[in-house]
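**Student:** Provided herewith is a single structure, encoded as structure tokens, for subsequent inquiry.
The values are calculated or read from the model by the stated rules, or taken from the named source; none is laboratory data. Please read these numbers as outputs of a predicted model, since none were measured by experiment. Ideal geometry is used to build each Cβ from the backbone, glycine not excepted, and the neighbour counts take in all protein chains shown.
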Amino acid sequence: MSVHIGGQPGDIAERVLLPGDPMRAKWIAENFLQDAKCYTQVRGMLGFTGTYQGIRVSVQGSGMGMPSASIYTHELINEYGVKSLIRIGSCGALAMDLQLGDVIAAIGSATDSNMNRSRFDGLIDYAPVANFELLRTAVEVAERQGTSLRVGPILAADAFYTDRPDLYDSLADYGVLAVEMESAAIYTIAARYGAKALTILTVSDHIKTGEKMDSAQREQGFGDMVRIGLETAIA
Ligand code: ADE
């Protein structure tokens, strides 16, 4: 086992879906995978491996925020040989033409996190980006499934609650679609250790209008996103 994951070597598939919420990992394992087995419960951060259309896939909770997501991304790649990681999660929309339930693929991730600044000694603003192959596959999968998938840049924020909504307005002016809290770290660490990464998100709330999804909308919207994630993972 690694420091934060209880699985033995070989317990985790090369293709992993990364929801932030461990209970969502359980829900995906129970509703989308065959023969899913739980390989870790360390700190309640559940991980499962099963098959999807006959191909081994794992689904691992990554927690909230970049410090937590960094730990799981690092250990999955370096201790368990994971080759491709697809974050699936929720986001708050900034773009006025996004609706609750819309699904986004993050082509790149701006961030206010200091993690990459310290990585490059404050001298370079590294640009965390999605793996092109995974992104292209996700677009093709969504087209086949008839699910509309909006591709664009997002913000990975350190804080869920902000005192600077004006900065969100500026980002929207620059075409940033939405805010979440993990993608920049996942993209950066995957790039650093030679793995592929993509982030797919469902709009759960709209930052400008204040609208929020109810639970029925969440289930439907998240189902579409999970199907795109799984089909992309096994392609
Ligand atoms: N995830 C879902 N909604 C969010 C928001 N408004 N800000 C940051 N992360 C989110």
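**Student:** For the subset of region 196-235 comprising residues that are of a type in the set (A, V, I, L, M, F, W, C) and at pLDDT below 95, which member is nearest to Leu18 (Cα to Cα)? Spell out the reasoning first.
**Tutor:** Our first condition is that a residue be of a type in the set (A, V, I, L, M, F, W, C); within region 196-235, this holds for 197-198, 200-201, 203, 207, 213, 216, 222, 225-226, 228, 230, 233-235.
Filter once more, so that each one left must be at pLDDT below 95: 213, 216, 222.
Values: Met213: 21, Ala216: 22, Phe222: 13 Å.
Going through the qualifying residues, I end up with Phe222.
**Student:** Any residue that is more than 12 Å from the ligand (Cβ to nearest atom), in a helix (DSSP H, G or I), buried (at least 16 other Cβ atoms within 10 Å of the Cβ) and of a type outside the set (Gly, Ala, Ser) - is there at least one of those in region 177-187?
**Tutor:** Scanning region 177-187 turns up at least one residue that is more than 12 Å from the ligand (Cβ to nearest atom), in a helix (DSSP H, G or I), buried (at least 16 other Cβ atoms within 10 Å of the Cβ) and of a type outside the set (Gly, Ala, Ser).
**Student:** Which one of Ala191, Ala159 is surrounded by fewer than 19 Cβ atoms within 10 Å (Cβ to Cβ), on the phi < 0 side of the Ramachandran plot and in contact (Cβ under 8 Å) with a residue 60 or more places away in the chain? Talk me through it step by step, then tell me what you get.
**Tutor:** Working: Ala159 fails: in contact (Cβ under 8 Å) with a residue 60 or more places away in the chain.
None of the other options fit; the residue is Ala191.
**Student:** Within region 1-15, can one find any residue that is surrounded by 14 or more Cβ atoms within 10 Å (Cβ to Cβ), polar (S, T, N, Q) and touching a strand residue (DSSP E or B) at 6+ places or on another chain (Cβ under 7 Å)? It would help to see each step written out before you state the result.
**Tutor:** Start the filter on region 1-15 by keeping residues that are surrounded by 14 or more Cβ atoms within 10 Å (Cβ to Cβ), which leaves 1-2, 4-7, 11-15.
Applying the additional criterion that residues be polar (S, T, N, Q) yields 2.
Now narrow it down to the ones that are touching a strand residue (DSSP E or B) at 6+ places or on another chain (Cβ under 7 Å): none.
No.
**Student:** Determine which member of the set Leu123, Leu171, Leu135 is assigned to a helix (DSSP H, G or I), aliphatic (A, V, I, L, M) and over 19 Å from the mean Cα position of the chain (by Cα). Break it down stepwise before answering.
**Tutor:** Working: Leu123 fails: assigned to a helix (DSSP H, G or I); Leu135 fails: over 19 Å from the mean Cα position of the chain (by Cα).
Going through Leu123, Leu171, Leu135 in turn, just one is assigned to a helix (DSSP H, G or I), aliphatic (A, V, I, L, M) and over 19 Å from the mean Cα position of the chain (by Cα): Leu171.
**Student:** Across region 194-235, what is the number of residues that are at positive phi and within 13 Å of the ligand (Cβ to nearest atom)? Lay out the reasoning, then the answer.
**Tutor:** Restricting attention to region 194-235, the residues satisfying the condition of being at positive phi are 194, 210.
Going one step further and asking which of them are within 13 Å of the ligand (Cβ to nearest atom), we end up with 210.
Summing the residues that are at positive phi and within 13 Å of the ligand (Cβ to nearest atom) in region 194-235 gives 1.
**Student:** Hey, another quick one. Are there any pairs, at least 6 apart or on different chains, whose C-beta atoms fall under 8 Å, with the first in region 198-227 and touching a residue at least 24 places away in the same chain (Cβ under 8 Å) and within 18 Å of Phe32 (Cα to Cα) and the second within 12 Å of the ligand (Cβ to nearest atom) and of a type in the set (Asp, Glu), and if so, which?
**Tutor:** Leu201/Glu180
**Student:** Okay, moving on. Only one residue in Val141, Val151 is farther than 23 Å from Glu75 by Cα and part of a strand (DSSP E or B), so which one is that?
**Tutor:** On the way: Val141 fails: part of a strand (DSSP E or B).
Sole residue among the options that is farther than 23 Å from Glu75 by Cα and part of a strand (DSSP E or B): Val151.
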